[in-house]
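Notes for the one structure printed next.
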Amino acid sequence: MAHCGGTNGSKLFTMVLYMAAACGAIPISDLLDRASQRSDKLHSLSTTLTQDLDSHFPPIGRVIMPRPSMCHTSSLQTPNDKEQALQVSESDLLSLVRSLLQAWEDPLVVLSTSANTLPHPAQSIISNKIQELQEHSKSLGDGLVVLSGKMAPGAQTISSLPYFGGNDIGQDRISKLINFNFLLSCFRRDSHKIDSFLKILRCRAAKMLPEMC
Amino acid sequence: LNTRRAVLFPPAKPGLTSCRSPEKETFTCWWKPGSDGGLPTTHALYYRKESSETVYECPDYHTAGENSCFFNKNDTSIWVNYNITVVATNALGRAFSDPVEIDVVYIVKPNPPEKVTVTVMEDKGWPFLRVSWEPPHKADTRSGWITLIYELRVKLEEEIDWEMHLAGQQKMFNIFSLRSGGKYLVEVRCKPDHGFWSEWSSTSYIKVPDYFHREKSTWILITVFSTFTFLILMWLLHMNRHNLKHCILPPVPGPKIKGFDKQLLKNGKSNQIFSALVVPDFPPATSSNYEDFQVEYLEVYVRREQELVLEESKDLHNSCLKSESSTSDCDSGRGSCDSHTLLMAKCREAKEGERQTDRECSPMRTEAQRRLKDWEEEALNYAHAGIVSLEMSSGRVKTWPSVFSPLPRYSSSPLDQQSSLQMAKQLSLSTSSYLTQPGHSTKEALGQSYWDLCLSSKQPHLLNPPTPVCRELQAHSDVNISSIGHKRAPAGPRSPALHTTEYVEVQRVDNKDTLLLQPVVQGCGRMGGCFQMPHGEVYSKVKGVDSDNVLLLQREGMGEDSCHKSCTVSTTQKPSGCIYTAVPVRDEMATMANGYVDTATMCTLHTC
C-alpha cells in the first residue's frame, strides 16, 4: 500500500492521515506500529524517572507510600491477565488506551510544575523528563485520535478519569517526595498498560506481517 | 547419650532473593533462608495482593525447586502489586523476612531463544552465516502479549572476545566477513520490551568451508602483477648497469704525475720510470748568462717603505724595459734567488702595485730550485721572527750582499741604529741557502752554497731590493746577527770587510745536471769579487751523475787560503783542464744530482 509520506509530528501526522485518506489509506498496522513505538518511549521515560527518583529517596517513604490502588485511574477496569486482555476487542482496547491517556493530561501538568521545585538532587533531570513525557503523551493522543477513526465506533468512547489531587503535592519535603513518587508510579503502570494494549492491537492488525509479532 | 547440649535458637530472618516471570503469565519467587538455629526449620511464603487484605500462602513450593514459590497462571495477576513475605519457623520461634512489593509486569525475564540454527550460505561466491532462532516457547509473542528483542554474539573458536549484534525483533540474522575455514560459535538471547535479558542460548558451532577458489584468483593476480613489476625493475637495472657500477664501485683515480706512465709502471723497471719522470731539459741549458744567477741583494728596513718602493720602482722601471722578455714558469714558489727573475718580479710589482703573490723562479723549475725555495721560506720565517733574533738553523747567517751600491742611498738618512737594523735585515734576508740534503746537520758538512734569498713581494715593506744595477758577487763575512749592531754592511760592491770564510757561488746549473760553481776567492773572481774558501772545506763542482749513481766531480783544487784558479766555467764555457773524478755517490745523494757535494768527505783521489 502506498504511503504518502508522514512524520511523527502530531499535527503533520493528522494532516498526512487526511491526505492518506485521499491518496490511499495508511494501513492500520503502520499506524499502530508508530503508536506503539510512541507508547514504548513513554513507558521507558517513566521507568527511568522512577529510577532517578529512587536514587535519593528517603527510606521512610517506602513505608508510608499510598497504595497504588489509590491511583486516580484505578477505577478503570482493565484486564488483569493475558486471557482477559486477549479477549477484549480492538476498539475496546483502544478506548481503554485513550481513556488512560486522557486521564493523565492534567496530572502530568501537576507533575511538571512540582518537578520545578522538587527537593531532590536530580531535580533538573526529572523536570526535563517530565517535559518529554508531556510531549510524547500529547503526540500519542493525537495519533490515537486518527487511529480510533479507523476502528469501530467503540474506540471513540473515552472514560473520564478525573484527577482530584490538585496542584499541591505536599508541604514538607518528605510528603512532596512521597506524593511525587506515588504519582509517578501510577503513571508508570498506566503507561505500561497503554503500551501493552497497543502492542496487542499491533499484532492483531499485522496478520500479513508475522515478523512484527 | 550425647552429653553435649547445643544452643538452640529461633530461626534467623530469611530473605527474598528474587522473583521472576518468564512470560508475564506466571512467576516464581526464591528466598534464602537464614540460619536455622539448630532446629529443623520450615519456610512459608505469604502474599497479599494489592487491593485486598487477604493473605495467601504460596500455592506451589516445589515446581520451581528448593526455597521457591511458583505462582501459576491462576494465581498470577498483572498490573497488581504483590506483597510477599517469607516466614521461617522452627520449634523455638518464627522469623519474618522483609516484605517485597512486586508487579509481575516489571519482573519479566524470558527464557533463552530456542532452536538456534546457523547455516553457511553464499552470496556471489562469498560465504556468510545465517543465524535463525525461535522465541522461547513459553513466551507468547504471537498475540503480542510479549514483545521480544534479540541479540546474538559470534566469535571464532580461538578468539576471546565476542562480536555482538542487536537483531531487534527479527528472528534471523546474517553475519558476513568470515574467515575462510574458520570455526564459529554463535549464541542468542532475548529481552522483553520492558524487562530483563534472558540467558544466552546454548552455543551453536559452525565451520566455514575454505573458499579457496576465490582467494586463489586473487593470489594469481598478485603473483602475476609482482612478477611483471619485478621484470621491469630488472630490465631497468640492466639498462643502467654502467651507471650503477659507477655509483657503487667508483673507478680508482690514476696517478696524475706528469710524465708518469702507467704502462711503464706495470711493465718496466723502476729506473725507467723515474728517468721518465725527469724533465729532460732541466737544468736549463740555455745560454743564459752569468747574469741570470746574479745574486740580488735585498735590502730590508722598517721605515719609509713607500719611498723606497717608489725609488725602487723607478729603478725597476728603467730596467724593466730591458728584461721584460724573460719569462717565468708558473710554479708558485717564493721569489726566486734568480735576480733576473726577481727583477721581473719587481717590475711587475711596480707596475701592478703591491701584489702579494709569489714571484716566479727561473724559467726552469727543478727539484733543486724547489729545495732552494724551501730554505728560502725557512729563512723568511726567520726574517719574520724579528729583527734581532734572526738566526739560521745553522746558527750562522751567511749573507751575500753582492750588491752594495744602493746601500749608501738607502742608508743615507737613517740613523745608525736603523741602518744597522737594516743591515741586519739585509743580512738576515739575504741568507744563503744550503743546497744539500734537507738535514740540517749536513748543511755545514757539505759546504755552503749561497744563494741569495729573494724575498717574495709578500713583504714589500720589508723588502726593498736594491737596484739591479749591481750584480756583483761579493765576498761577505760571516755575520752573526746578534752582533750586527755595530756592523755595517759593506757600502759598496767591493766591500773590504770580508771575513775569512770562503764561499762558492753557484753560478748556474747546466743542462747536464752540473752545478757550476765558482770558488770565490779573495781578490779573484770574474767580476772582480772573490771569496775566500771556507775553512777547511773543499768544494767541488759536480759534473754529473753517471748511470751507476756516481757523482762526477770537477775538482779545482784544495787548500785553504789559496786562490784557486778559476776552473769554474763561465756561463758559456765548459771547464777545461780539469780532471773529472768519479766519486761514488751515496744513495741518498743520488737524488741530489743537482746538489752540492762536499767532496772533502768523500773524495779519494782527485786532481785538477
Item to complete: Quote the Stokes-Einstein diffusion coefficient, in whole µm² s⁻¹, for chain A, based on the Kirkwood radius over alpha carbon pairs, a temperature of 25 °C and a viscosity of 0.890 mPa s.
Response: 135 µm²/s
Response to the item:
Most packed first (mean Cβ within 10 Å per residue), the peptides B:115-124, A:147-156 order as A:147-156, B:115-124
Response to the item:
For the range A:85-100, in residue order, the Karplus 3J(HN,Hα) values (coefficients 6.51, -1.76, 1.60; θ = phi - 60°; whole Hz; Gly and Pro = x) are 5, 6, 7, 6, 6, 4, 5, 5, 4, 5, 5, 4, 4, 5, 5, 4
Worksheet item: What 222 nm value per residue comes from the helices of chain A, counting each DSSP H run with n ≥ 4 as -39,500 (n - 2.57) and dividing by all residues, nearest 500 deg cm²/dmol?
Response: -22000 deg cm²/dmol
Practice prompt. Averaging over all projection directions, find the projected area of the Cα convex hull of the range B:66-203 and quote it in nm² with one decimal place.
Written response: 12.4 nm²
Worksheet item: Which net charge results for the neighbourhood of A:Leu144, defined as the other residues with beta-carbon distances under 10 angstrom from its beta-carbon, given Lys and Arg at +1 and Asp and Glu at -1?
Response: +1
Worksheet entry | the range A:86-169: chymotrypsin sites (Phe, Trp or Tyr not before Pro) in DSSP loop, at most 15 other beta carbons within 10 Å | A:Phe164
Worksheet item: Three principal axis extents, largest first, for the C-alpha atoms of the range A:51-157, in Å?
Response: 47, 28, 18
Worksheet item: Hey, any idea what the orientation-averaged projected area of the convex hull of the range A:141-197's Cα atoms comes to, in nm²?
Response: 5.0 nm²
Fill in: Ordering of B:24-34, B:171-181, B:129-139, B:239-249 by burial proxy (mean other Cβ atoms within 10 Å per residue, highest first)
B:24-34, B:129-139, B:171-181, B:239-249
Worksheet entry | Descending principal axes extents, the range B:38-113, alpha-carbon based, whole Å | 42, 34, 20
Worksheet item: By what distance, in whole Å, do the Cα atoms of the range A:80-124 stretch along each of the three principal axes, largest value first?
Response: 44, 19, 12
Worksheet entry | Whole-angstrom gap from the range B:1-67 to the range A:94-126, using each part's C-alpha centre | 38 Å
Response to the item:
Rounded to whole angstrom, the alpha-carbon centroid of the range B:96-117 lies from that of the range B:181-239 at a distance of 41 Å
Worksheet, complete the sentence: In this structure, among A:Lys41/A:Lys150; A:Lys82/B:Lys155; A:Lys11/A:Lys82; A:Lys150/A:Lys176; A:Lys150/B:Lys115, pairs with alpha-carbon gaps over 31 Å are A:Lys82/B:Lys155; A:Lys11/A:Lys82; A:Lys150/A:Lys176; A:Lys150/B:Lys115
Fill in: Estimated dipole of the range B:1-149 in Debye, rounded to 20 [Cβ of Lys and Arg +1, of Asp and Glu -1, Cα centre]
420 debye
Discussion item. Could you list A:Thr48, B:Thr229 so that the one with the fewest beta carbons within 10 Å of its beta carbon is first and the one with the most is last?
Written reply: B:Thr229, A:Thr48
Worksheet item: Roughly how big is the range A:96-213's charge dipole about its Cα centre, with Cβ charges of +1 (Lys, Arg) and -1 (Asp, Glu), in debye to the nearest 20?
Response: 460 debye
Worksheet item: What is the dipole size for the range B:133-218, taken about its Cα centre, with +1 at each Lys and Arg Cβ and -1 at each Asp and Glu Cβ, in debye to the nearest 20?
Response: 260 debye
Worksheet, complete the sentence: Taking Cα atoms, the helix A:173-205 axis meets the longest principal axis of chain A at an angle in degrees (rounded to 10) of 20 degrees
Worksheet item: Is there a simple number for the mean count of other chain Cβ atoms within 10 Å of the Cβ of residues in B:140-149, and what is it?
Response: 6
Worksheet item: In the range A:104-213, what is the volume of the convex hull around the alpha carbon atoms, normalised per residue and reported in Å³?
Response: 113 Å³
Practice prompt. Please label the shape of the range B:132-269 as rounded, prolate or oblate, based on the square roots a ≥ b ≥ c of the eigenvalues of the alpha-carbon gyration tensor (a/c under 1.5 means rounded; beyond that, a/b larger than b/c means prolate, else oblate).
Written response: prolate
Fill in: Relative packing of A:28-40, B:49-61, A:68-80, which averages over residues the other C-beta atoms within 10 Å, highest first
A:28-40, A:68-80, B:49-61
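A short reminder: the numbers here are calculations on the coordinates, not readings from a lab. This one's a predicted model, so the numbers in the text were calculated from it and none came from an experiment. All Cβ positions, glycine included, derive from the backbone under ideal geometry; neighbour counts span all protein chains shown.
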